[in-house]
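Colleague: This is the structure, below, for whatever I ask next.
Laboratory data are not the source of any read-out in this text; all were calculated from the coordinates shown. In this text, all values refer to a predicted model and were calculated from it rather than measured experimentally. Please note: Cβ atoms are built from the backbone with ideal geometry, for glycine as well, and neighbour counts cover all protein chains shown.
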Amino acid sequence: MLTKLLNIKYPIIQAPMFLVSNTEMVIEAMKSGIAGCIPALNYRTLPELREAIKELKQAKVEGGSFGFNLIVNKSNVKYKDQLRVLCEEGCDFIITSLGNPEETITEAHAVGIKVFCDVTDLHFAKKVEDLGADAAIAVNNQAGGHRGNLSPKELISLLTKHLTIPVISAGGVGCKSDIDKMISYGAAGVSVGSPFIASIEAGVTDEYKQACVDYGAKDIVMTERISGTPCTVINTPYVQKIGTRSTWLEKVLNKNRTLKKWVKMIRFYIGMKATEKAALQATYKTVWVAGPSIEYTQAILPVKDIVKKLIN
């Protein structure tokens, strides 16, 4: 069970969300008996990342746990320095995404940090298990942001059948019955993101939070216009206007082996900046990342009340 793995009261990780997650959210999560995680990319500089780790270590309570998410592919030029800081300062766990986690697993294990790896299929799940990952995070087709292709039941059942490490389900959890469902499929716990966007502590605009209240599961669409990789967003009028498919130029450039890597890196950077502007400023250019579990979001609440809704 995830509770034993992270020494937490409830088998829930407050998922790392780009621009949304912050120390205030994670501290409240830990006080509520769950784990919290922040993308390392939410910090522009390494000193800022160090300060965040120190703040979380000081605020840590028994029954709570905290970690950071690392993008481990070449699009993240800060990756190696971020990993070094995490290992120097210490945290309970690291979640890896979008790349080969071998270096992270080796370095983190050397200082006693657990490593969980995002996976979307059995092939990569077996790879991270062989590399020594402590758990696989099964990103299903109900997840917000970059999601998988398999349903929660399909993916969890497949991974638990063939892996010996714990499987943590990511996607499709907005209420207590959803957690019970994922556990019944064999998951050791769940990673929950979108319901926490509309928290008082989240560091995004009230417009973004309110959108998670006003829109529902039917309003979530896939777009290729953020990072070059399909990503779920709220289908605002602006998203409808710009469309959700790559431009003809991006498609042509992506077919060129030499240019493909650079196109992806540029698209990733542009997409991050566009998402940052929408999340942190009141603007008509609203590209708000979220998953279908916002269906259960009915008000902007403190983190502790969102946790209560998930466990009661």
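Colleague: Show me the GluC sites (Glu not before Pro) within the range 1-96 that DSSP assigns to loop and that have at most 14 other Cβ atoms within 10 Å of their Cβ.
Modeller: Answer by residue number: 62.
Colleague: Same structure again: Give the separation of the Cα centroids, the range 181-216 to the range 35-64, in Å.
Modeller: 20 Å
Colleague: Let me ask something else. Work the Kirkwood hydrodynamic radius out for the range 4-75: mean of 1/r over every pair of different alpha-carbon atoms, inverted, in Å.
Modeller: 12.3 Å
Colleague: Note down the net charge around residue 312, summing +1 for each Lys or Arg and -1 for each Asp or Glu among other residues with Cβ under 11 Å from its Cβ.
Modeller: +2
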